[in-house]
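I have placed the structure first, in the form of C-alpha cells, so that the comments after it can refer back to it.
No lab work stands behind these numbers, since they all come straight from the coordinates. Quick caveat: nothing in here was measured; it's all calculated off a predicted structure. Cβ: placed from backbone, ideal geometry, glycine included. Neighbour counts: every protein chain shown.
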Amino acid sequence: MTAPNGGLPERPMSPHLQVWRWHVTMACSILHRASIFALYFGALLLAGWAIALASGPDCYAHYMSLVGSPLGKLVLFGVTVMLFFNIAYNVRQTFWDLGYGFLPKTADMTGVVAITFGVVAAVVVWVIAGFTGALS
C-alpha cells in the first residue's frame, strides 16, 4: 500500500527507552541478558584454565597470574555476581511460569530480591574464599 503522495506510508514509531518509565523488571530483563553473556565468558575462562592446566606448570602459572591480578579478580567477581543473579532470576521465572508473581508490586519486589541476592551471595562467597586463603 502506498501513501497518497506516492511515497511510503507513515509508520508508527516503536516505543523506546526514552518513552518508557524505567523500572526494576526492565533492569532485570537487561541484567538477565548480560548474565547470560557473562556466564558464557566465565565458561571460556574455565576452559582456558583447563587448557592451561593441561599445558604444563609454566602455562598454568602464567594463566593463574593473569586471573589472580586485580583486574582478573574483578572479572571473576562480576561473573560470580552474574551467576547468582541468574540463579535467582530463573527461580523467579519458574514462579512466573506457574502463574505467580505478575502483580506489579510483586514483580518489582522479586526483581529487587534477585539483584540483591546476586550481589550478596557473591560477596559472601568471596569473603569465605578470602578467609580460607583461596584468593592468595
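Extension gain for residue 100-residue 136 works out to 8.5 nm (0.36 nm per residue, less the C-alpha to C-alpha distance). The residue among 32, 133, 110 whose Cα reaches farthest toward the positive pole of the charge dipole of the chain, with charges on the beta-carbon of Lys, Arg, Asp and Glu, is 110. Full extension of the chain between residue 53 and residue 124 yields a length gain of 22.8 nm, computed as 0.36 nm times the residue separation minus the alpha carbon distance. Cα centroid separation, segment 40-58 to segment 73-87: 18 Å. Between 0 and 90 degrees, the angle of helix 70-97 with respect to the longest Cα principal axis of the chain falls at about 50 degrees.
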